Amino acid sequence: MKAWVWALLVILSGGGSLISGSDGTASPRPSEATEACLMCHASATPGIVADWERSAHAMITPEEAVKKDPRSLKESATKIPEDLSKSTIGCAECHTLLSEKHKDTFEHNGFTVHVVVTPEDCAACHPVEVKQYAKNLMSYAHGNLTKNPVYRNLADSANGVQTLDNGKLSVRPPDEGTNADSCLYCHGTEVKVRGLKTKETAMGKMEFPVLDGWPNQGVGRINPDGSQGSCTACHTRHQFAIEMARKPQTCSECHKGPDVPGYGVYEVSKHGNIYSSLGKEWNFKEVPWRIGRDFTAPTCAVCHVSLTVNDADEVIAERTHQMNDRLAWRIMGLIYAHAHPKSPDTSIIKNRAGLPLPTELTGEPASQFLIDPKEQGARIAAMQNICLSCHSEGWVRGQFSRFENTINTTNEMTLTATKILLEAWNKGVAKGVAQNDSIFNEAIEKKWVEQWLFYANSTRFASAMAGADYGVFANGRWYLSKNLQEMMDWLEFKLQTLKLQELQTTMEKPKTSGTKGTGKASVPKEKPKATTP
Amino acid sequence: MKAWVWALLVILSGGGSLISGSDGTASPRPSEATEACLMCHASATPGIVADWERSAHAMITPEEAVKKDPRSLKESATKIPEDLSKSTIGCAECHTLLSEKHKDTFEHNGFTVHVVVTPEDCAACHPVEVKQYAKNLMSYAHGNLTKNPVYRNLADSANGVQTLDNGKLSVRPPDEGTNADSCLYCHGTEVKVRGLKTKETAMGKMEFPVLDGWPNQGVGRINPDGSQGSCTACHTRHQFAIEMARKPQTCSECHKGPDVPGYGVYEVSKHGNIYSSLGKEWNFKEVPWRIGRDFTAPTCAVCHVSLTVNDADEVIAERTHQMNDRLAWRIMGLIYAHAHPKSPDTSIIKNRAGLPLPTELTGEPASQFLIDPKEQGARIAAMQNICLSCHSEGWVRGQFSRFENTINTTNEMTLTATKILLEAWNKGVAKGVAQNDSIFNEAIEKKWVEQWLFYANSTRFASAMAGADYGVFANGRWYLSKNLQEMMDWLEFKLQTLKLQELQTTMEKPKTSGTKGTGKASVPKEKPKATTP
Amino acid sequence: MKAWVWALLVILSGGGSLISGSDGTASPRPSEATEACLMCHASATPGIVADWERSAHAMITPEEAVKKDPRSLKESATKIPEDLSKSTIGCAECHTLLSEKHKDTFEHNGFTVHVVVTPEDCAACHPVEVKQYAKNLMSYAHGNLTKNPVYRNLADSANGVQTLDNGKLSVRPPDEGTNADSCLYCHGTEVKVRGLKTKETAMGKMEFPVLDGWPNQGVGRINPDGSQGSCTACHTRHQFAIEMARKPQTCSECHKGPDVPGYGVYEVSKHGNIYSSLGKEWNFKEVPWRIGRDFTAPTCAVCHVSLTVNDADEVIAERTHQMNDRLAWRIMGLIYAHAHPKSPDTSIIKNRAGLPLPTELTGEPASQFLIDPKEQGARIAAMQNICLSCHSEGWVRGQFSRFENTINTTNEMTLTATKILLEAWNKGVAKGVAQNDSIFNEAIEKKWVEQWLFYANSTRFASAMAGADYGVFANGRWYLSKNLQEMMDWLEFKLQTLKLQELQTTMEKPKTSGTKGTGKASVPKEKPKATTP
């Protein structure tokens, strides 16, 4: 039924309940509050209303939903608040919940409404998922970037506006809009209420909150109620289709770039190939999700999130929104791949050198912040249990052995790049940690970043998920190798600049003193720039 | 019904009309001329005949079609020519229309047939669309490239064959085949009739025209009837399915590369993610296209082309084949992003410096050729009206504010690159405008091109359509930043070459004269090449 | 019916045949041996069992299958071995076939089972396909890489781990795991039996073979029975769906990277666009495959593999697993594009210079190993016959003429790159063939590789399949051009190093002797490295 018909019926009936099923029993219907919302929003924002009408939220009341087989439940609350349980979950249920906690709450046609629905709101019916998600690195993605001075400097060095003044490049830090448009799109912005603004609408003048950092659906968004995360990053509004969360394209929104090429790798893997070719006939809605019946190859969700069972209804993997409880390694090297962090808040990590990194610059792990081999073993076993639903133990052992080998060899290639960079710093042709300069702003430093962030990561993702070319020519080992040669050439080139300056110095003062001609004294303290004579 | 059965029936019945619907009324059927075509072509080119049989063209006569609800019409002619209206639209209707205007018309089994069906032909039934399309930059895409000496030089410098002679690279301009195979594939070739050629066929010897610039379906193709454009660029022959034109893959044919990464960005955007995950259940055929009912997230066509309505049948956006009437900015920077050109014929543009560019080399707009802020405002409002079908005003305002911020910051990053290039020209280490040399042939110039054509464009598309990674690591800001550092290094490297030459000169003539040793005189007028001693 | 139900029924019925069709005739059912497998594996590996249940193998017996219209047969054996013909093809049929030939055969619950099913096994029912595939370059992909010292060196130079010792990079050859994870993922590993390993299972202790080079499904895998190839590279286990083999994603597993970008090109081609937009309604299962009826645009399989017919049941193209019998050219340039090799075993090729390459370093073909123009003509005609099902002769002629033009111009651009490299070798700034050094390890050599392996290949694939941007900005001509400029700059840079050394030498010994100052004598025999003073 179209939403505006709803609205019309509500008007005609004075808001009473006149909709019945064909058997005389009442169909599930929205609350009166939601019906009031729909009266305007069916025409004001028809897209999201129609989208919501397709959702499970619009089709069943929590009261009915909890009567289902417990295993098939998508809501995890053992007890749904009374006032939410008897009508379907509509606009008002989410946007007026806990309104006192939301700084973006405003008065709207007699309701106290907030704009940004947060995990704390979703927890009313989905508390287990929200609790799990709080242990997910993603929920800390905002702070893990902005509160880590090294990572923030990497972001600033990439996103800042550079200008050329007197032959020298200087960097202006990125503005808030740029940050929201780049890193924080996925990591999450901080959404803050700036004030209220009056706006002319079809209903006359109305006041709405003005938000900074909005729009945003990043996984670690800082919300106006103080919570962090955004369920809609994966459970897209307002259909919240489990089908969508289970499909790999959802993950591609943040996991396709050269830094975390998971989706690209999946696409060309055998698993991705099966999904693309045959997935149209799979059942993406069934809960629990039955291996072999509902699908014949994993999507991202199968290995990392979903509750899966076999034909005998035995659980193969429990549903998790922590997502790292089957991940022994963090293969997104920052700077090296390493055992997974213990806490999802990685801003607390400090290595021995005092840098906020999970390893030393030379690769040794900051072990006290990382899970130990026993925990790694448990996570590997949990992951392998999924693999074993289709593959033999020998197959799986071979796959994981190659993967761990790849972690080692890519870390070695990162170490070599780091050593070249250290040499550049030591020889004074680039400025780094010791010179208290950004370690991300010079050309050789950017090459060094690409070594681990693009090429080592790509190679590891390819190994983990069998997307071969990403381990070779598509940002893989080919580039790991080539990049080292080019870093060496850069070093040679900059040393030439020094030599040339020495020679010039020697020649310009040839007769004054024999000792001055050695050139040593002329090594500049300042990094030489092309345009500084 | 299979085409060859048609052909057989036509033969058996002497061409008369023997096909009736089950209710005794005549089913729509092809003209006799088309039936004659089908007699051979059903077996000669079975693929396109079967494809056409799936088309709306093959299923309804214009006479019947115009009786439909006007809003749902796909043909825009108020009066269809009599001889076209009573049979379905088949081979003969399009390929024999206005044959006297077509230089590729030839005698073919008693018919005067032309090979290349053009917008002028389509205008018989779709005049409004053809008229709109004539205001689309795309329809001028051939001339906008080939008649602009700067852009043509860019193309030639990319596509020409370089050879190494005596240690120097020289460029041979690209041949016609190469141009047709690269830039003009999308921009459109000029299709010219070279002559007729006799060919042995299953029907005996027959003559066919030989065409230069063929095949081609580029958006700005110059046709043998003098018209420009190719409707089949998007409305793929011979099914001409509206479903296909509305799907984003159609646009990807020309809009995926690093220069205009629209499709790639869309793919990883939330909108693209919804389309990929749930689009299989959408209705891609309905006209007008109903927001929320027929689809729940925009494809390219929704925002840029299609007639869309809400549940109350109110028009959200009018159908347009001009496509830029909701585009305030041209974000494909040539060289900078700028207000949209007034005329689709951009070859008429000249900046103050006399270059055929919509901005100065330093970014200031050539305002007299560009739409003014008022027109920009109207276009932004028209576009936002679509957004507002699903998003609140605050959401939309935030999105557009970031987008315009990105236009500014990317233009700044392009300006910085331009300043480095100007320094290279001024210091004599590269040759540019003043030296009357190509501004696209040297390594630093190619890096400069990538700054705006790849990285700034990618960043802007990412911002416009929320495909985050394209604004960061996937050809985005990361590369904008890195590229500047590398341009500076290139400059330093080339200045070294000069210095080294000075030093050598100084050393080789050390005793002759004190004044000659300053080196100034030895700055070469010719750009130094690696192989010129 | 679920597999475990099968298992249960088998138990209850003592293994007898109790399943009947509704007409009283026996439904096809697995052999007793397979039923024994299913008893455990339905729960041990539910994914693959369920996948197999969807396969044609599980639905029909060979005996019934051979009764079908011969043209529609997917099995090519004229006589199926008696013991295979009366039950469906299940686990036991493939995994116990010819077990004496398989070194990975082991005793498993009373059966002699082997892990790796090979083309020799498949040949029992599909002998023609296996024979054809043996003429496919792919079947030799392992040896063509590993037995060719040039290609192997390319692989080693990309995949080896580089370390920095005393300021110099050195390379450790890649280990077996790395090779299996990169090149050999597609080319195929050599699967060898290392021994047996006892493992605790739900059924108690059992012994399983331990395999090296496992898992792998590369097209040229060397199998434990001595055969080469892996049918499951394209016919994915255990559904072996013809639908999947016919879809382009299958090919993308190995053909998407920058070296062989076939899938990427297809995706943005008009053909790919039609497939993506409308392919969901095509019939991917029909054999023979009817052009225009079953599909309206080619996938990879249509042009390269499948049996296709027109409406009159005339064969347009015969099924082939040789795949190159419609390929006149090998456009994956190694180093230049060239006429297709005669033998699929390319490790036998030697050029005049004695290198194992199909052309000289300067491009002239090693003709005795390549097909001649007559054979090329026949292959082109066979391919064009497919094109002509939808396109006119003029269209096809134009397309192929551009394609061959592109082969020539890209080969020219490769030649220019080679000449620059030769100059680098001759001038002593890089070490190549004459110095008995790897021709792939230095930065300029890697740039040279990218010239042909990435950019020339990409441009040619774009031309062959009309994926325009891959011929321009997406690794196409833009990079072909830019790369040459950068190679020249590299050469200049390294010559500077030499000059600088000369100058230093001159200056340090200024008074000793006039003749020593020429610098000629100081050209180092060893390639100068940045860190060697």
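The values are calculated or read from the model by the stated rules, or taken from the named source; none is laboratory data. Since we're looking at a predicted model, the values are computed, not measured. So basically every Cβ, Gly included, is an ideal-geometry build from the backbone, and we count neighbours across all protein chains shown. Remember, those area values only see protein heavy atoms, side chains included, never the ligands or the DNA or RNA. Shrake-Rupley method; radii C 1.70, N 1.55, O 1.52, S 1.80 Å.
Values computed for the structure shown
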item: Sole residue being more than 8 Å from every other protein chain (Cβ to nearest Cβ) and closer than 17 Å to B:GLY476 by Cβ, chosen from B:VAL287, B:VAL265; result: B:VAL265
item: Counted residues, the stretch C:305-314 - those being assigned to a loop (DSSP other than H, G, I, E, B), open to solvent by less than 30 Å² (accessible area, probe 1.4 Å) and either over 15 Å from C:ALA382 (Cα atoms) or within 12 Å of another protein chain (Cβ to nearest Cβ) (or both); result: 2
item: Qualifying positions in the stretch B:371-418 - of a type in the set (Lys, Arg), in contact (Cβ under 8 Å) with a residue 12 or more places away in the chain and within 11 Å of another protein chain (Cβ to nearest Cβ); result: B:ARG402
item: Residue check for B:LYS197: open to solvent by 30 Å² or more (accessible area, probe 1.4 Å), of a type outside the set (Ser, Thr, Tyr) and free of Cβ contacts under 8 Å to residues at least 12 places away in the same chain; result: no
item: Scan of the stretch A:445-468 for residues that are touching an Asp or Glu at 6+ places or on another chain (Cβ under 8 Å) and not hydrophobic (A, V, I, L, M, F, W, C), ordered by number; result: A:LYS447, A:ASN457, A:SER463, A:GLY467
item: Residue in the stretch C:240-251 that is most open to solvent (accessible area, probe 1.4 Å), counting only those that are of a type in the set (A, V, I, L, M) and within 24 Å of C:LEU137 (Cβ to Cβ); result: C:ILE242
item: Matching entry among C:ARG290, C:ARG237, C:ARG326 (being open to solvent by 10 Å² or more (accessible area, probe 1.4 Å) and free of Cβ contacts under 8 Å to residues at least 60 places away in the same chain); result: C:ARG290
item: Exclusive hit being open to solvent by 50 Å² or more (accessible area, probe 1.4 Å), assigned to a loop (DSSP other than H, G, I, E, B) and more than 19 Å from B:PHE440 (Cα to Cα), set B:LYS135, B:LYS131; result: B:LYS135
item: Selection status of A:GLU423, open to solvent by 10 Å² or more (accessible area, probe 1.4 Å), within 12 Å of chain C (Cβ to nearest Cβ), over 29 Å from A:GLY292 (Cβ atoms) and not hydrophobic (A, V, I, L, M, F, W, C); result: yes
item: Condition broken by B:PRO298, with the remaining ones in (1) open to solvent by 10 Å² or more (accessible area, probe 1.4 Å); (2) facing another protein chain (nearest Cβ under 7 Å) satisfied; result: (2)
item: Selection within the stretch B:37-86 - polar (S, T, N, Q), assigned to a loop (DSSP other than H, G, I, E, B) and under 30 Å from B:MET203 (Cα atoms); result: B:THR45, B:SER55
item: Residue that is touching a helix residue (DSSP H, G or I) at 6+ places or on another chain (Cβ under 6 Å) and open to solvent by 50 Å² or more (accessible area, probe 1.4 Å), where the choices are A:HIS126, A:HIS142, A:HIS187; result: A:HIS187
item: Selection from the stretch C:255-276 of residues that are among the β-branched types (Val, Ile, Thr) and not in a helix (DSSP H, G or I); result: C:VAL260
item: Long-range neighbours under 6 Å by Cβ, at least six apart or interchain, first residue within 14 Å of B:THR96 (Cα to Cα) within the stretch B:30-47, second surrounded by fewer than 18 Cβ atoms within 10 Å (Cβ to Cβ); result: B:GLU32/B:GLY15
item: Single condition C:ASP181 does not satisfy, out of (1) of a type in the set (Asp, Glu); (2) within 14 Å of another protein chain (Cβ to nearest Cβ); (3) open to solvent by less than 50 Å² (accessible area, probe 1.4 Å); (4) in contact (Cβ under 8 Å) with a residue 12 or more places away in the chain; result: (4)
item: Checklist (1) farther than 30 Å from A:THR250 by Cα; (2) among the basic types (Lys, Arg); (3) out of contact with any Ser or Thr (no Cβ under 8 Å at 6 or more places or on another chain) applied to B:ARG397, failing item; result: (1)
item: Any hit, the stretch B:10-27, residues being open to solvent by less than 30 Å² (accessible area, probe 1.4 Å), in a loop (DSSP other than H, G, I, E, B), modelled with pLDDT of 55 or more and closer than 23 Å to B:GLN239 by Cβ; result: no
item: In the stretch C:204-234, the residues that are surrounded by fewer than 21 Cβ atoms within 10 Å (Cβ to Cβ) and in a strand (DSSP E or B); result: C:GLY204, C:LYS205, C:MET206, C:GLU207, C:PHE208, C:VAL210, C:ASP212
item: Candidates C:THR118, C:THR45, C:THR88, C:THR61, filtered to the one that is farther than 30 Å from C:GLU190 by Cβ, open to solvent by less than 30 Å² (accessible area, probe 1.4 Å) and touching a His at 6+ places or on another chain (Cβ under 9 Å); result: C:THR88
item: Scan of the stretch A:467-488 for residues that are over 18 Å from C:SER170 (Cα atoms), more than 7 Å from chain C (Cβ to nearest Cβ) and open to solvent by 20 Å² or more (accessible area, probe 1.4 Å), ordered by number; result: A:TYR470, A:ASN475
item: Selection count where residues are β-branched (Val, Ile, Thr), out of contact with any Pro (no Cβ under 6 Å at 6 or more places or on another chain) and part of a helix (DSSP H, G or I), scope the stretch A:138-166; result: 1
item: Residue match in the stretch A:28-41 (condition: more than 25 Å from B:ILE291 (Cα to Cα), crowded, with 20+ Cβ neighbours inside 10 Å and away from every other protein chain (no Cβ under 14 Å)); result: no
item: Flag if C:ARG352 is assigned to a loop (DSSP other than H, G, I, E, B), of a type outside the set (A, V, I, L, M, F, W, C), open to solvent by 50 Å² or more (accessible area, probe 1.4 Å) and facing chain B (nearest Cβ under 10 Å); result: no
item: Test: residue in the stretch A:92-113 that is open to solvent by less than 30 Å² (accessible area, probe 1.4 Å) and in contact with a Lys or Arg (Cβ under 8 Å, 6 or more places away or on another chain); result: no
item: C:GLY471 touching a helix residue (DSSP H, G or I) at 6+ places or on another chain (Cβ under 6 Å), without any contact (Cβ under 8 Å) to a residue 24 or more places away in the chain and not aromatic (Phe, Trp, Tyr); result: no
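Each row is one residue, and each column tells you yes or no for (1) hydrophobic (A, V, I, L, M, F, W, C); (2) part of a loop (DSSP other than H, G, I, E, B); (3) on the phi > 0 side of the Ramachandran plot.
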residue	(1), (2), (3)
B:LEU278	yes, no, no
B:ASN283	no, yes, no
B:ARG293	no, yes, no
B:CYS303	yes, no, no
B:ILE316	yes, no, no
B:ARG319	no, yes, no
B:ASP325	no, no, no
